1. Considering each of B:140, B:166, B:154 in turn, give the residue that is out of contact with any strand residue (DSSP E or B) (no Cβ under 8 Å at 6 or more places or on another chain), in contact (Cβ under 8 Å) with a residue 24 or more places away in the chain and buried (at least 19 other Cβ atoms within 10 Å of the Cβ).
2. When you scan the range A:9-23, do you find a residue that is touching a strand residue (DSSP E or B) at 6+ places or on another chain (Cβ under 7 Å), away from chain B (no Cβ under 14 Å), assigned to a loop (DSSP other than H, G, I, E, B) and buried (at least 19 other Cβ atoms within 10 Å of the Cβ), even just one?
3. Which residues, taken from the range A:60-69, are at pLDDT 90 or above and either more than 17 Å from residue A:20 (Cα to Cα) or surrounded by 11 or more Cβ atoms within 10 Å (Cβ to Cβ) (or both)?
4. Are any residues in the range B:50-79 under 16 Å from residue B:9 (Cα atoms), in a loop (DSSP other than H, G, I, E, B) and touching a helix residue (DSSP H, G or I) at 6+ places or on another chain (Cβ under 9 Å), and if so, which ones?
5. Which of the residues that make up the range A:24-36 are in contact (Cβ under 8 Å) with a residue 12 or more places away in the chain, more than 14 Å from chain B (Cβ to nearest Cβ) and in a loop (DSSP other than H, G, I, E, B)?
């Protein structure tokens with residue numbers, strides 16, 4: 001499927017986030033092989049150079065490993081994945097409280113609302 | 001590398017292009033954008049050696065481009081009347097007779113990927129099918145430079161998507177460079193490395209897409225509109 005990209009962020013950043021999301025949700029498993037750069041480029045409909053950059057970033061984040069002559073694999077070290085989960089949680093909460101302040105709500109108000117919301121589930 | 005130095009092109013008294021200078025980095029896909037009449041098609045014809053500039057020169061890997069020396073360039077013209085009396089297969093054989101670098105096997109493979117039949121005459125095909133055959137014939141050549149004039153124009157979103165994927169899949173070498181003109185910038189942006197923006201017959205800017213998004217916090221369409229507004 002071709003991905004629809006948002007306007008304000010570079011495409012490679014959006015693809016890195018997408019793959020991180022896939023890993024956290026378990027859509028990509030520990031130790032699983034990633035498609036080749038060109039396969040992934042065709043799949044999501046972007047330039048090969050962009051995907052190369054995406055793969056480089058993932059490797060620097062230690063979420064993937066490249067095995068010589070065999071391709072790129074998701075890390076098999078689950079501590080890396082736990083760290084990613086924690087990071088992502090922190091980011092979501094940060095973004096959330098940023099929005100909360102933007103709209104002028106107090107944290108207390110919002111926490112009460114969250115509890116109410118959870119109770120209704 | 002394709003290198004344009006101070007090229008100008010005049011048509012009668014009208015100056016279509018003026019003082020155009022740029023270099024196309026190898027291995028990149030570059031979008032040639034600008035409003036109608038900004039000189040995109042003329043520039044592509046000059047680079048392909050189909051026309052000769054009034055002033056200045058175009059060089060490819062250090063040698064001045066002429067119609068004869070343009071053999072390392074595959075040019076896809078913006079004409080819908082593309083060999084109307086031939087079938088796809090016949091166009092591929094014709095290309096094979098004209099270009100040593102052409103692979104009929106590859107062109108057939110691309111046609112299959114794009115899901116277009118090659119045994120029908122062009123004039124009997126839909127516009128979308130003709131667009132696919134043109135793309136298969138062009139990518140069937142193995143050259144360093146591909147110049148494409150509006151390869152997606154007038155095609156529906158599904159055909160555009162399949163042509164875009166064809167481009168990603170079948171441009172292989174790290175050194176192959178594509179310059180393509182387009183108005184479908186929103187759809188085409190994800191496959192582009194950079195934008196060459198023409199305005200009033202001049203190069204207004206040459207920016208990488210990463211820069212457009214990171215520095216300007218805009219996508220290609222917003223950026224282009226802004227460049228036009230600010231004059």
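1. B:166
2. no
3. Selection gives A:61, A:62, A:63, A:64, A:65, A:66.
4. B:50, B:51, B:52, B:53, B:65
5. Here is the first cut: in the range A:24-36, the residues in contact (Cβ under 8 Å) with a residue 12 or more places away in the chain are A:24, A:28-34, A:36.
Still in the running and more than 14 Å from chain B (Cβ to nearest Cβ): A:24, A:28-34.
Within the range A:24-36, A:28, A:29, A:30, A:31, A:32, A:34 meet the criteria.
The values are calculated or read from the model by the stated rules, or taken from the named source; none is laboratory data. What you see is a predicted model, and the numbers here were worked out from it, not measured in a lab. Ideal geometry is used to build each Cβ from the backbone, glycine not excepted, and the neighbour counts take in all protein chains shown.
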